[in-house]
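The next block holds one structure in the form of structure tokens; read it before the comments.
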2 protein chains.
Amino acid sequence: MKLGEGVEAAIHCAAMLAGVEGAATMPGAAMAEAFGLSPSYLLKHLNALTASGILESVPGPSGGFRLARPAERITLLDIVLAVEGREPAFRCGEIRQRGPARLDASAYVKPCGISVAMLKAERAYRAALAESRLSDIVADYMSDADPRSVAANCAFVERHQRPQKSSSTKQA
Amino acid sequence: MKLGEGVEAAIHCAAMLAGVEGAATMPGAAMAEAFGLSPSYLLKHLNALTASGILESVPGPSGGFRLARPAERITLLDIVLAVEGREPAFRCGEIRQRGPARLDASAYVKPCGISVAMLKAERAYRAALAESRLSDIVADYMSDADPRSVAANCAFVERHQRPQKSSSTKQA
DNA sequence: TTATCGTGGATAATTTTTATCCGCATTAGG
DNA sequence: CCTAATGCGGATAAAAATTATCCACGATAA
């Protein structure tokens, strides 16, 4: 059982985007630089977040990414599912009916008890992730982390965020 | 996030072994046949269960595998960890300190909040798995599943289990 | 003594993950 | 209008993990 590295990157990016002001955006290349990641591959994950409605993207110069909704309404589960896909980690292959002494299909209408138990545990996992809001992550970071780190991150965001032309959306 | 197919196989095998009487064993080849799996590869997973102390193995003709302790004291977590390894699914790569503006190491003594949140969810997952006992799985199967399936499985176990020479261990 | 079985290592096939690249559409700024 | 910066999507490749097979070996029941 393993989570791809993209999950870590995606969450860090989302947390960083939570720091950009108003409708401003931050280019994917800047975030790749901030975390020492390959820009082209990070874009793949950011695209996944965009496709899931977690991020918004703006093309063109001074384009980039921003959160599609307030950090209060983005959970770690949202991000994990966007990057890793919505399928459960445990996939029942119905090997119970793959043996040589196969019965009629009507003998297997009830779901496999093993699958039920595994999926139940996975619901607990997702429930816990759903309780972690991005805003909590950011708030804890701001209050708990080393002040130097916080300052450095804020400076980075300040330096790389791109204000947007006044569209109808809110402006900081 | 994906679990290997070996987990499903391992749990089904363990559940089947819960049905063998006393100190009797069941050969890996029989279980591979029962579930339509490649015998050589299934053996790998059964070995992992043996190495973790979940199964016992007996070499020689009329050898095979049996549970190393009562099914009441084997949980799904035991099996999942044995097959998938004990490492958490989320591994913090500390990408927060991999950017170009690295700070002193002392700025990163506190664990990354993202990692903390992810690991907390994983503890919930494992706790849920730890509450599923193999004996529960088997009991539910016996009472809920289609009687034809139960009968077929019992017959299979009956046919393939190998009684052991009277060692000091209990005998059915 | 022989045949059956688990053990462990080596190896290969397959799939997934990670990563790179290029052409395209969009758009801010001159 | 032109240019350059940026995201988007697809194709492709490199790397790693998973899945699968095989063989030589030790153990042991018959």
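The values are calculated or read from the model by the stated rules, or taken from the named source; none is laboratory data. Computed from a prediction, not measured in an experiment: that's the story for all the values here. Backbone-built Cβ (ideal geometry, glycine too); neighbour counts: all protein chains shown. Accessible surface is based on the protein model in full, side chains and every heavy atom, while ligands, DNA and RNA are left aside. Shrake-Rupley method; radii C 1.70, N 1.55, O 1.52, S 1.80 Å.
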- Query: Of A:44/B:110; B:2/B:110; A:110/B:120; A:44/B:2, which sit over 25 Å apart, Cα to Cα?
  - Reply: A:44/B:110; B:2/B:110; A:110/B:120
- Taking the simple approach of a point 7 Å from Cα along Cα-to-Cβ for both residue B:102 and residue B:131, what is their distance in nm? 4.4
- Message: Using a 7 Å offset from Cα along the direction of the beta-carbon, what are the separations from residue A:40 to the same position in each other copy, nm, ascending?
- Response: 3.7
- Task: Place the label 7 angstrom along Cα→C-beta at residue B:140 and in each other copy, then list the distances from the first to the rest in nm, shortest first.
- Result: 3.0
- Item | Residue-wise HN-Hα coupling along the range B:57-73, computed from phi with Karplus coefficients 6.51, -1.76, 1.60 (Hz; x: Gly, Pro) | 10, 10, x, x, x, 6, x, x, 10, 8, 5, 7, 8, x, 4, 5, 10
- Task: Return one whole number: the accessible area per residue of the range B:20-160 in Å², for a 1.4 Å probe.
- Result: 49
- Any idea what the dipole of the range B:1-73 comes to, in debye rounded to 20, about its Cα centre with Lys/Arg Cβ at +1 and Asp/Glu Cβ at -1? 180
- Per the 1.4 Å probe, what fraction of the accessible area of the range B:60-146, in percent, lies on carbon and sulfur atoms? 53
- What is the sum of charges around residue B:56, taking Lys and Arg as +1, Asp and Glu as -1, for the other residues whose C-beta is under 12 Å from the C-beta of residue B:56? +2
- Message: With a cut-off of 8 Å between alpha carbons and a minimum separation of six or more residues, what is the relative contact order of the range A:1-58 in percent?
- Response: 31
- Using only alpha carbon pairs under 8 Å that are at least six residues apart, calculate the relative contact order of chain A and give it in whole percent. 35
